[in-house]
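Participant: Below: one structure in structure tokens.
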Amino acid sequence: MDEQQFDLELTERVKAYAKEIGSALVGIADAGILNEALEPDFRPEDLLPGCRCVVVLSLHIPDGALEIMRRGKMNYSYNMFGYAYLNRELDYLIYRMTMFLENEGYAAMPIPARGTQYGARKPYFGPLSYRHCAVAAGLATFGLNGLALSPQFGSRQRFVGIPTTAPLKPAEKLMDQSLCDGCMECIRNCPAHALSLNPPHVCKLGGMTYRYARCNQPACTHVARGLSTEVWKGALFNPNVDVPVEENQSRAGHYDDLWNKRDARIRISEHAEATYGATLCGRCMAFCTAGHDAMNRRMRQDQTAYQNDEVLHKDGTIHVADRVAALRKRSAQSEQK
Ligand code: SF4
Ligand code: SF4
């Protein structure tokens, strides 16, 4: 990498500003490796001609919001602080960083944290994959669940990226997949059976090859939008209306499902917040061991709030998480010897 081609002083100021406005993590992704890895229409160069890099920012999802959902008590906290309200906070970061770069005289492209463009070719995807940006910025790696896992927060964060023409110095090294221990908790806990490693999705990015679960997007979306009673079986907040999955559904049929056939409680809570997000599933994030372990590393040693790790399993029973139970069994066996 030729240092001459980058503005190192501006790179440092961008990173300092990101921290100042509250970003939990900050990194710079080289636009070139994203242009190679992503498909046409969804690359930085499609969004911003002459884009040199993507400034990647993130916010941590509060552990409490996910822990209470794991126990089947409430999904409202996750839906607000992991999604609906967090989008606003992420939009704040995007807006501020875009203005910072434009005020420096460079082009920058603010893409809202949430949603896809109506009529986009890939209906379940945003204009730019923030997960790929985070990995290209050296901040994260892919877990088998397909989420971007960071050493600090595992799966428990949201990333955003701002494509820019500013000559910022990008990350030199990408992470390998060692943050994911292959426990398969994410795949086993998916109520839609949407995640499959048979065969895995293969992603080539910046000289690295990542393999993670393929996601059946229509199946995931059906469950995540609260159209199935399978989503959080046994939980108070589980939907009570099962809407059948329809192949090749028209857009009108899709809206009919969402607004006329769904559990009325979900529709009301969405209206109350004036935003979509009262139903999200999130089990592949909530049950990810990398996120749970990262939380335990950050917590004070004398804190016992989540020690029992009682979770709501896919069949609707509440018991100690399989992984914790297996560790306990192993330590009990070794004590007996
Ligand atoms: S959000 Fe839920 S349904 Fe979708 S892949 Fe994750 S666990 Fe499965
Ligand atoms: S739950 Fe997390 S750590 Fe375990 S396999 Fe899935 S992504 Fe990897």
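Participant: Cβ contacts < 9 Å: first residue farther than 14 Å from G64 by Cβ and part of a loop (DSSP other than H, G, I, E, B), restricted to the range 287-306; second residue acidic (D, E) and within 16 Å of ligand 2 (Cβ to nearest atom), any location; separation 6+ or different chain. Result?
Facilitator: F287/E185; C288/E185
Participant: What number of residues within the range 203-226 satisfy the criterion of being within 16 Å of ligand 2 (Cβ to nearest atom) and either touching a Ser or Thr at 6+ places or on another chain (Cβ under 9 Å) or among the aliphatic types (A, V, I, L, M) (or both)?
Facilitator: First pass over the range 203-226, keeping only residues within 16 Å of ligand 2 (Cβ to nearest atom): 203, 210-215, 220.
From what is left, the residues that are either touching a Ser or Thr at 6+ places or on another chain (Cβ under 9 Å) or among the aliphatic types (A, V, I, L, M) (or both) are 203, 210, 213-215.
Total satisfying the criteria: 5.
Participant: Applying the selection to the range 195-235, what residues are farther than 22 Å from D263 by Cβ, in a loop (DSSP other than H, G, I, E, B) and among the small types (G, A, S)?
Facilitator: Selection gives G206, G207.
Participant: Does A65 qualify as being buried (at least 20 other Cβ atoms within 10 Å of the Cβ), without any contact (Cβ under 8 Å) to a residue 60 or more places away in the chain and not β-branched (V, I, T)?
Facilitator: yes
Participant: Now, a different point. Within the range 223-254, track down each residue that is hydroxyl-bearing (S, T, Y) and farther than 19 Å from H313 by Cβ.
Facilitator: S250
Participant: Here's something else I'd like to know. Could you check S228 against (1) more than 14 Å from ligand 1 (Cβ to nearest atom); (2) surrounded by 14 or more Cβ atoms within 10 Å (Cβ to Cβ); (3) at pLDDT 90 or above; (4) not charged (D, E, K, R) and say which number it fails?
Facilitator: Result: S228 passes all but (1).
Participant: While we're on this one: Which one is farthest from the chain's Cα centre (by Cα), of the residues in the range 89-108 that are in a helix (DSSP H, G or I) and free of Cβ contacts under 8 Å to residues at least 60 places away in the same chain?
Facilitator: N103
Participant: Then there's this: Here are some residues: L195, L168. Which one is within 15 Å of ligand 2 (Cβ to nearest atom), in contact with a helix residue (DSSP H, G or I) (Cβ under 6 Å, 6 or more places away or on another chain) and either under 19 Å from G291 (Cα atoms) or not acidic (D, E) (or both)?
Facilitator: Details: L168 fails: within 15 Å of ligand 2 (Cβ to nearest atom).
Criteria check complete, one pass: L195.
Participant: Is it the case that the range 255-271 has a residue that's over 25 Å from L312 (Cα atoms), at pLDDT 90 or above, charged (D, E, K, R) and part of a strand (DSSP E or B)?
Facilitator: No, every residue in the range 255-271 fails to be over 25 Å from L312 (Cα atoms), at pLDDT 90 or above, charged (D, E, K, R) and part of a strand (DSSP E or B).
Participant: Here is a further query. Which pairs turn up if I take residues in the range 201-213 that are farther than 19 Å from M285 by Cβ and look for partners that are among the polar types (S, T, N, Q) and in a strand (DSSP E or B) with beta carbon separation below 8 Å, at least 6 apart in sequence or on another chain?
Facilitator: Cβ pairs passing all conditions: V202/T209.
Participant: Tell me, which residue of the range 128-160 that is part of a strand (DSSP E or B) and within 9 Å of the chain's Cα centre (by Cα) is surrounded by the most Cβ atoms within 10 Å (Cβ to Cβ)?
Facilitator: Filtering first and then ranking leaves L149.
Participant: Hey, any hits in the range 283-304 for a residue that's under 20 Å from P191 (Cα atoms) and at pLDDT below 85?
Facilitator: So far as the range 283-304 goes, no, none of its residues is under 20 Å from P191 (Cα atoms) and at pLDDT below 85.
Participant: What number goes with the only condition from (1) at pLDDT below 95; (2) in a helix (DSSP H, G or I) that G64 does not pass?
Facilitator: Here G64 meets the rest and fails (1).
Participant: Related question: Kindly indicate whether any position in the range 28-38 is in a loop (DSSP other than H, G, I, E, B), within 22 Å of F125 (Cα to Cα) and of a type outside the set (S, T, Y). Walk me through how you get there before you give the answer.
Facilitator: Of the range 28-38, the ones in a loop (DSSP other than H, G, I, E, B) are 38.
Pick out the ones that are also within 22 Å of F125 (Cα to Cα) and you get 38.
If we keep only those that are of a type outside the set (S, T, Y) as well, we get 38.
Scanning the range 28-38 turns up at least one residue that is in a loop (DSSP other than H, G, I, E, B), within 22 Å of F125 (Cα to Cα) and of a type outside the set (S, T, Y).
Participant: Out of the residues in the range 8-35 meeting the condition of being without any contact (Cβ under 8 Å) to a residue 40 or more places away in the chain and surrounded by fewer than 16 Cβ atoms within 10 Å (Cβ to Cβ), tell me which one is farthest from M99 (Cα to Cα).
Facilitator: Going through the qualifying residues, I end up with N35.
Participant: Any idea how many residues of the range 161-194 are of a type in the set (D, E, K, R), out of contact with any Cys (no Cβ under 7 Å at 6 or more places or on another chain) and either within 16 Å of ligand 1 (Cβ to nearest atom) or in a strand (DSSP E or B) (or both)?
Facilitator: The number of residues fulfilling the criteria is 1.
Participant: Scanning for something crowded, with 19+ Cβ neighbours inside 10 Å, within 15 Å of ligand 1 (Cβ to nearest atom) and of a type in the set (V, I, T), does the range 244-261 turn up at least one residue?
Facilitator: Checked the range 244-261: no residue is crowded, with 19+ Cβ neighbours inside 10 Å, within 15 Å of ligand 1 (Cβ to nearest atom) and of a type in the set (V, I, T).
The values are calculated or read from the model by the stated rules, or taken from the named source; none is laboratory data. What you see is a predicted model, and the numbers here were worked out from it, not measured in a lab. Note that each Cβ is placed from the backbone with ideal geometry, even for glycine, and that neighbours are counted across all protein chains shown.
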